[in-house]
Amino acid sequence: MITQEDEVEMMAKGMAYRKPIIDRIDRQTEKGIRKYGHTIDKSGHLKTMELHCEYALEEATDLIVYLEDLKAKVIRLERRENTLTEAIGSIGDRAREGLDDGDRYGQERALQIILGRCQKVEHALEEDN
């Protein structure tokens, strides 16, 4: 019979990102061994608890910088996605309106508007790159 503890362990080990995390820990440990000749618990390069804290704070500061940069990129991508979604919806609406027009002028005008909006979308994409 599977106990609740067994189920918790299976769920934890089944996380999609568990393996990449463990692989990263292994790579970092190997990197530390190559650099210091030992794992952090045996290397002795962190002589005091204060030095240990300082080193951790430096790492945390780097993490904050990376996360702020990533956050800015996510915000730009979300804005771009929203702009493109709105533009595509607008283009589709205008295309349907133009197709519903019985007169040729309305259809041509709709196509011109659609082309203009497509060019704006293309320009927005170029600005993001």
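At a glance:
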quantity	calculated
Candidate set: the stretch 88-117, residues that are closer than 26 Å to LEU77 by Cα and open to solvent by 60 Å² or more (accessible area, probe 1.4 Å); chosen: the one modelled with the lowest pLDDT	ASP93
Subset of the stretch 37-54 (residues that are at pLDDT below 90 and open to solvent by 80 Å² or more (accessible area, probe 1.4 Å))	HIS38, ILE40, ASP41, LYS42, LYS47, MET49, HIS52
Residue list for the stretch 1-32, restricted to those being open to solvent by less than 70 Å² (accessible area, probe 1.4 Å) and in a helix (DSSP H, G or I)	ASP6, ALA12, ILE22, ASP23, THR29, GLY32
LEU67 vs. criteria surrounded by 10 or more Cβ atoms within 10 Å (Cβ to Cβ), closer than 30 Å to LEU125 by Cβ and of a type in the set (A, V, I, L, M, F, W, C)	yes
Any hit, the stretch 59-68, residues being hydroxyl-bearing (Ser, Thr, Tyr) and either in a helix (DSSP H, G or I) or touching a residue at least 60 places away in the same chain (Cβ under 8 Å) (or both)	yes
Hey, THR83 among the hydroxyl-bearing types (Ser, Thr, Tyr), surrounded by 11 or more Cβ atoms within 10 Å (Cβ to Cβ) and either part of a helix (DSSP H, G or I) or in contact with a Lys or Arg (Cβ under 8 Å, 6 or more places away or on another chain) (or both) or not	yes
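The values are calculated or read from the model by the stated rules, or taken from the named source; none is laboratory data. All figures in this text were calculated on a predicted structure; none of them were measured in a lab. Using ideal geometry, Cβ is built from the backbone for each residue, glycine included, and neighbour counts are taken over all protein chains shown. To get the accessible areas, we keep the full protein, side chains included, count just its heavy atoms, and leave off ligands, DNA and RNA. Shrake-Rupley method; radii C 1.70, N 1.55, O 1.52, S 1.80 Å.
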